[in-house]
1. Within region 256-265, identify whether any single residue is surrounded by fewer than 13 Cβ atoms within 10 Å (Cβ to Cβ), closer than 24 Å to F11 by Cβ, out of contact with any Phe, Trp or Tyr (no Cβ under 8 Å at 6 or more places or on another chain) and at pLDDT 95 or above, and answer yes or no.
2. Which is of a type outside the set (D, E, K, R), in contact with a His (Cβ under 9 Å, 6 or more places away or on another chain) and surrounded by fewer than 18 Cβ atoms within 10 Å (Cβ to Cβ), of Y112, Y62, Y96?
3. Go through (1) surrounded by 15 or more Cβ atoms within 10 Å (Cβ to Cβ); (2) closer than 21 Å to K22 by Cβ for G74 and report which single condition fails.
4. Restricting the search to region 89-138, which residues are part of a strand (DSSP E or B) and over 19 Å from R173 (Cα atoms)?
5. Can you pull out every residue in region 139-175 that is of a type in the set (D, E) and not in a loop (DSSP other than H, G, I, E, B)?
6. Run down N151, N130, N168 and say which single residue is on the phi > 0 side of the Ramachandran plot and either exposed (fewer than 13 other Cβ atoms within 10 Å of the Cβ) or in contact with a Ser or Thr (Cβ under 6 Å, 6 or more places away or on another chain) (or both).
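The values are calculated or read from the model by the stated rules, or taken from the named source; none is laboratory data. Since the model is a prediction, treat every value here as computed from it, not as a measurement. Positions of Cβ are generated from backbone atoms using ideal geometry, with glycine treated the same way; all protein chains shown enter the neighbour counts.
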Amino acid sequence: MSKITHCISSFNNLNYLKLAVKSVRENSYFKDSPLIIHAENCQDGTDEWLSKNHNEWNFEYYIEKNQTPRGIGGGMNFCANKVKTEFINFLHADFYVGKNWDLELLKIFNKYPDQRMMVFSHRIQPNIFNEDSRSGTLIVPMDEFGEYHHNFNEEYFTDWAEQFTKMNDFEIRKSEGVSGLIRKEDWDYIGGNDDRFAPAYWEDADLFIRMLNENYKFVLTSKSMVYHFASRASRFPDDNLTTRPINLAQIEQRSTQRFVEKYGKVPERDEHDFYIPIPIIDGSPNRINQ
């Protein structure tokens, strides 16, 4: 039995969610890993697809209709509470994973057996933000592998990623979004995501800073690869890569203000574009619900 449970929280991402589930089942080393999917307030056919296909793809699913949304962080907390294995692996619905990505993440834990830590995959991402590559993420032209679910070249990416992992062997102190492997006990220790940042934005920065304040180790490895379509829920839910819905910008502005109220400022970053620890100033603890 696998030590890992994969968790996905999704909001109106059906076409990408299908790809994510397919890749997890086809490309993972541990084929029997439990997979938990949380779908909240979906209106794009996600609920129906989950109910019809959970046996074929071997996943457990939960559908919620919440007037006050849990959002990204709350969905992760919801899934984590259902996990019974030693490890939790958080995924975004707009991921496509490479061969043996899960095994390579697990290998890092074997190197640091007594360390509270979280381990992340190297990302490949289409250049929808007109940006340069950064530590832990390789930015590629939009037509290299495909920037949408309907033109994504699964076989090409899988073969390319396999060659990349053979030719590269590095670890950096970095995270790339809350989409990595962590021991269940270490997730419970820190208390998961802070609900004040629901439904989205800044929950990952807050979580990582609290973890850094509690001396967690962070590792991103080139041996584990994922393709990230990028921001298909948080910025471009309708696959319009040029226009962001106004309500999402307003949600981000509100979460930014809540972050500043908690920490006194926005965080600074180090040479790997990773957060530098800062103290909480509003009296709340690093470890939530302790």
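1. Taking every residue of region 256-265 in turn, at least one turns out to be surrounded by fewer than 13 Cβ atoms within 10 Å (Cβ to Cβ), closer than 24 Å to F11 by Cβ, out of contact with any Phe, Trp or Tyr (no Cβ under 8 Å at 6 or more places or on another chain) and at pLDDT 95 or above.
2. Y62
3. Failed condition: (2).
4. Residues satisfying the conditions are L91, F95, Y96, V97, Q125, P126.
5. Passing the criteria: D143, E144, E154, E155, D159, E162, E171.
6. N130
Condition check ((1) under 24 Å from I182 (Cβ atoms); (2) of a type outside the set (K, R)) across all residues:
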{"site": "S10", "(1), (2)": "yes, yes"}
{"site": "Y16", "(1), (2)": "yes, yes"}
{"site": "R25", "(1), (2)": "yes, no"}
{"site": "H38", "(1), (2)": "yes, yes"}
{"site": "E56", "(1), (2)": "no, yes"}
{"site": "M76", "(1), (2)": "yes, yes"}
{"site": "I88", "(1), (2)": "yes, yes"}
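To keep it simple, each residue is scored yes or no on (1) under 15 Å from the mean Cα position of the chain (by Cα); (2) touching a residue at least 40 places away in the same chain (Cβ under 8 Å).
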| residue | (1), (2) |
| --- | --- |
| L14 | no, no |
| A20 | yes, yes |
| R25 | no, no |
| Y29 | no, yes |
| P34 | no, yes |
| E40 | no, no |
| G45 | no, no |
| S51 | no, no |
